[in-house]
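Comments concern the structure below.
The values are calculated or read from the model by the stated rules, or taken from the named source; none is laboratory data. Predicted model, so just to flag it, every value in this text is computed and none were measured. Because the Cβ atoms are built from the backbone with ideal geometry, glycine has one as well, and the counts that use them run over all protein chains shown.
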Amino acid sequence: MPVEAHVIAIGPYSKRVADALWYQPDRYSAVPEGATILTLVFESVSSTTTHYLTQAFGIGLWDFANHELNPRTANIELLQEVFGWDWSENFMVLRDAGFRFYFLPLH
């Protein structure tokens, strides 16, 4: 069975991050500036990409004590290689806006 995982982010909504969020910007039209929101940043549906996620963030898959991620030490080049520019760019926009990131293994 593959080990799937997500990286989620929690932080303050602003129009400048709307394009970096999981849903289309119009879904956030009623959200006030500064409201705390949650968004999916990376989605891994295979053991291989999950391994790359843990490698990019320097964490252990089941090391729950370290699943709050440090976005400043992330290996951006590896994230771009595995997930593409758009997902990596969204991550950087949210990082720069002060979002907090969490790793969530699913299986």
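Kindly provide the set of residues from the range 10-35 that are among the polar types (S, T, N, Q) and surrounded by 11 or more Cβ atoms within 10 Å (Cβ to Cβ), ordered by number.
Of the residues in the range 10-35, the ones among the polar types (S, T, N, Q) are 14, 24, 29.
Ser14 - this is the single residue of the range 10-35 that is among the polar types (S, T, N, Q) and surrounded by 11 or more Cβ atoms within 10 Å (Cβ to Cβ).
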> Picking from Thr36, Thr54, Thr50, Thr73, which residue would you name as being touching a strand residue (DSSP E or B) at 6+ places or on another chain (Cβ under 6 Å), at pLDDT 95 or above and polar (S, T, N, Q)?
Replying inline: Thr50
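Name the residues in the range 50-62 that are over 13 Å from the mean Cα position of the chain (by Cα), within 20 Å of Met1 (Cβ to Cβ) and surrounded by 11 or more Cβ atoms within 10 Å (Cβ to Cβ), would you? Write out each step before concluding.
Step one: list which residues in the range 50-62 are over 13 Å from the mean Cα position of the chain (by Cα), which gives 51-52, 55, 58-62.
If we keep only those that are within 20 Å of Met1 (Cβ to Cβ) too, we end up with 51-52, 60-62.
His51, Tyr52, Gly60, Leu61, listed by residue number.
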> Within the range 63-84, can you find the residues that are more than 13 Å from the chain's Cα centre (by Cα) and of a type in the set (Phe, Trp, Tyr)?
Replying inline: Phe64
>> Scan the range 77-86 and tell me whether some residue there is in contact with a helix residue (DSSP H, G or I) (Cβ under 7 Å, 6 or more places away or on another chain) and closer than 12 Å to His6 by Cα.
In response: no
